[in-house]
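First comes the structure, then the notes that go with it.
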Amino acid sequence: MARLMSMAVIVVVLAAMMHYSAAQTVHVVGDSTGWTVPQGGAATYTSWASGKQFVVGDTLVFNFATNAHDVAELSKESFDACDFSSTIGSIITTGPANITLATAGNHYYVCTIGSHCTSGQKLAISVSATPGASPPSSSTAPPPPSEGGDSSSSTVFAMLLSIVNNYKVLAILEVLFNDLGQSEI
C-alpha cells in the first residue's frame, strides 16, 4: 500500500512539474536586435511581440549594455506619454535584465534614458494566465521596436536557463524514484 501511495505521489508531482516546465518560455526581447533604440521606430517591437504568446511564468530577457539603456514598467497612460514619473516597480539599470511575467493583463515596458522611449524603445504585451488562453481584453496598441545589437549571449543564457529548469525536474524525479525503489513493500 505504501508503494502504491508513493507511486501516486510521484505521478502527481511529475504532472505538476511538467505543467510548470512546459508553461515557462524565455523571450529575448527583439531577438537579435536586442533592447535598443529601434531603427524602425515603435513598430519594430510591436512586430516582434505580435508573433508571440506571453503567459504568466514566462521570462522576458531585455538584452542591453549597462548605462546605455534600462527597463521600466509603466501604466498604459505613462507608456503612451513616455512619462517616467510613476514606474511600476524599480527601473532596472543593469543589463541584460530578466523580468518574470507574474500577472495576466497588459504590460508596458520602456527605456527611460534620453529620448529612447519617444524614439520607439518601448514594448507593450498582453499576458495570458494560462497557455492558449486569451489575454484580458483591452484596446491597447501593440509594442514598439528596438535597434540592432548582439543578443547572442543572452540567447545562450536563456537556453541555459531553460536547460537548468528542466534538469531540476529530472533531478527531483530521480530522487523520488530512488526513494521509491528503496522503500519496503
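The values are calculated or read from the model by the stated rules, or taken from the named source; none is laboratory data. The shown structure was predicted, so the numbers you read here are calculated from the model rather than taken from an experiment. Note that we place each Cβ from the backbone using ideal geometry, even for glycine, and neighbour counts take in every protein chain shown.
Taking (1) among the hydrophobic types (A, V, I, L, M, F, W, C); (2) at pLDDT 95 or above; (3) surrounded by fewer than 18 Cβ atoms within 10 Å (Cβ to Cβ) in turn, Ala133 satisfies each apart from (2). Looking only at the range 38-48, decide whether some residue is modelled with pLDDT of 95 or more, of a type in the set (Val, Ile, Thr) and not in a helix (DSSP H, G or I). Within the range 38-48, none of the residues are modelled with pLDDT of 95 or more, of a type in the set (Val, Ile, Thr) and not in a helix (DSSP H, G or I). Checking Ala97, Ala81, Ala158, Ala104 one by one, the residue that is in contact with a Ser or Thr (Cβ under 9 Å, 6 or more places away or on another chain) and modelled with pLDDT of 95 or more is Ala104 and no other. Consider Cys117 carefully, then state whether it is under 17 Å from Asn63 (Cα atoms) and free of Cβ contacts under 8 Å to residues at least 40 places away in the same chain. Answer is yes for this residue. Of the listed requirements (1) modelled with pLDDT under 95; (2) within 21 Å of Ser128 (Cα to Cα); (3) surrounded by 15 or more Cβ atoms within 10 Å (Cβ to Cβ); (4) not basic (Lys, Arg), Tyr20 misses just one: (3). In the range 96-123, which residues are within 25 Å of Gly40 (Cα to Cα) and surrounded by fewer than 21 Cβ atoms within 10 Å (Cβ to Cβ)? Selection gives Asn98, Ile99, Asn106, Thr112, Ile113, Gly114, Ser115, Thr118, Ser119. Among the residues here, Val56 qualifies as within 17 Å of Thr103 (Cα to Cα) and of a type in the set (A, V, I, L, M).
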